[in-house]
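Chemist: Sharing a structure with you now.
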Amino acid sequence: MRVAIFIVSLLLTAPLFADVSVSATVDQAHVAFGEAVTLTINVNGSHSNPQVGFPRIDGLNIAGPSVNTSMSWVNGQTSQSVALTYQVAATRTGEFTIPSLDVNVAGKVYKTEPIKLVVDKPGTQAGMQDTLFAKVRLNSQQLYLGQTAPLDVIVFARGNLPVRGISGFSAEADGLGYKYNGNVKSGPQTINGVAYNLYVIEGAISPTHTGTLNFGPCVIKAQLTAQSRNRTIFDEMMGRVEVREVPVTLDVVPIEVQPLPAADRPADFSGAIGQWNIEYTAKPTEVAVGDPITVTIKVTGNGNIANVPALGLTGLDNFKAYDPSSKTTASELNTTGERVFQQVLIANDIAVKEIPAVRLSFFDPVAKAYKTITQGPLPVTINPGTAGHSAIVTGTQRARPSEKLGQDIVYLKGALGTAPLPVFFGTPGFWALNLLPVLGLACALAWKRRQDRLAGDMAYARRSRAARNARKQLANATTPEHVQRVLQKYFGDRLNIPTSGITGAIVEERGLPAAAREVFDACDAARFAGAATDMTALKQKVEQVIDELENVHR
């Protein structure tokens, strides 16, 4: 008990014996792109939790802090300190300045000195240039605005090099709309008689503005295995090895982005870019007046299928046309796609001989020219309706020819009489009982299919549960820090990206709702500057972000 009282008295009297000082340091001020910098803010002479106000710094992502508190007692003098540690990562090369920071300690504001950071292009580890290197695979370094083109980053490793896998990847690609597939593909290949193992990071770019844009520099972290000198028999049995990370660097690749040419642009061009083909069919091609014909238009090819407009039919005066339906399928990186349009037509005259042609105008970036492809017209045969009459479709009913009974067939009985029928037959309950097993089987199959997909597709599982889990955690959030973690976890699950390190910068990078930036800023202000926060309004903004993102990507 006496020891506890003594320690408490030391804590209470410490401010009387020590002056408060605040400083900010980094572990290294000159780094290569892809490396992280550790920023430490030390508060000496106080045990209270300091609040740090961080401004937004263009080109830097700051994550943290982790808090470490220490106390020492030397020659009867007590000293206390609190260290806040942050991880700083650059999103591009260049020179940066961490400005003077306001640190609030027990109600008094202290300022740190500015810190300059230099982020250089990454360098390749000495001696590895011929055995472990990377290249960019891009069909052409001249692209057009709005064009979607595959861009793969390939790591080459000599066949005898013990590469365990790829553990990290970062790339600078401002203005290129770059995205990549996190599943690295690998396989062997022989180049000039030398065996290599290739690790391919598949990606694609869609430039958002014209000019010379740079892809890179890039840093790929390769994991190499090494035999430990102190391996035991248990390590041999368990297959344990030492793993070290080796950075593989890739220099800048300049890409020239040009606007689409204005010359020879077709009047019906509406933004489709790529190489596209059309399949145009109609079934059946021989019908009677009033019978339906299903027209199918299938567009396939290379490019972003989302930019291909809906292909409509014109000149349908002799048809009754129903609203068309469409189905779109695209690759994960939007480099290839397919869009199928279907429309039901009903001819109202035997004079109809064909279904009008369909056309698509697009820009071919390989040929560097506009193209227009036309399919059709499709020949059809329209026969007269029943009994040689040309039935005319009006509304939802078809005019029927007059009938003369008693000449070709035996008279039909005009009334069924009073033949009794089962009371239950034909009632809603009867049909419900007949449909119940079918509905049950359909529901069971749908449930099993969803469970299989949740078990086999981790990205789908995270995305499916993101909104529900976020709302549940948000209801229990009591602090701005908790609210920020909820939003970070939601973005990580919804976009299938690592949760750690998600900041407000992701709003511009991913085109997310603007309200998300406001939530991050409010949470940072509350955490680091001690600003007052309306938790109800903050939660409502998070709900708004979730609702908007779910509605857009549903």
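Chemist: For a quick check: sort 443, 218 by the number of other beta carbons within 10 angstrom, fewest at the front.
Modeler: By the 10 Å Cβ count, ascending: 443, 218.
Chemist: Continuing with the same structure: Using amide H atoms built 1.01 Å from N in the peptide plane, name the residues 5+ places from residue 354, or on other chains, whose amide H lies under 5 Å from its own.
Modeler: 380
Chemist: Quick one: compute the contact order of region 274-388, relative version, from alpha carbon pairs under 8 angstrom and 6+ residues apart, as a percent.
Modeler: 32
Chemist: Could the peptides 540-549, 503-512 be put in order, highest first, of the mean number of other beta-carbon atoms found within 10 Å of their residues?
Modeler: Ranking, from highest mean packing down: 540-549, 503-512.
Chemist: Right, here's the next one. What FRET efficiency comes out for residue 251 versus residue 468 if R0 is 41 angstrom and r is the Cβ-Cβ distance? Round to the nearest 0.05.
Modeler: Result of the calculation: an efficiency of 0.35.
Chemist: Multiplying the sequence separation of residue 283 and residue 326 by 0.36 nm and subtracting their Cα-Cα distance, what value in nm do you get?
Modeler: Length gained, residue 283 through residue 326: 13.8 nm.
Chemist: Normalising by the residue count of region 435-495, find the relative contact order in percent from Cα pairs under 8 Å and 6+ residues apart.
Modeler: 33
Chemist: Something else: From Cα pairs below 8 angstrom and at least 6 apart in sequence, can you work out the relative contact order of region 442-554, rounded to a whole percent?
Modeler: 24
Chemist: Once you have the Cα-Cα distance between residue 310 and residue 497, take 0.36 nm times their residue separation minus that, and quote the gain in nm to one decimal.
Modeler: Working it through step by step, the gained length comes to 64.0 nm.
Chemist: Sequence-distant or interchain residues sharing an amide H contact under 5 Å with residue 290, placed H: which?
Modeler: So residue 290 has HN proximity to 347.
Chemist: I need 358, 253, 67 ordered by Cβ neighbour count within 10 Å, fewest first.
Modeler: Result, fewest neighbours first: 67, 253, 358.
Chemist: Using the count of nearby Cβ atoms within 10 Å as a rough guide to exposure, how do 30, 47 rank from fewest to most?
Modeler: 30, 47
Chemist: Once the Cβ-Cβ distance between residue 533 and residue 25 is put in as r, and R0 is 35 Å, what FRET efficiency do you end up with, to the nearest 0.05?
Modeler: It comes out at approximately 0.70.
Chemist: Does region 229-358 come out rounded, prolate or oblate, given a ≥ b ≥ c as the square roots of the eigenvalues of its C-alpha gyration tensor, rounded meaning a/c under 1.5 and, failing that, prolate meaning a/b above b/c?
Modeler: oblate
Computed from the coordinates by the stated procedures, all read-outs in this text should not be read as laboratory data. Just so it is clear, the structure is predicted and the values come from calculations on it, not from any experiment. Every residue, glycine among them, receives a Cβ derived from its backbone with ideal geometry; neighbour counts consider all protein chains shown.
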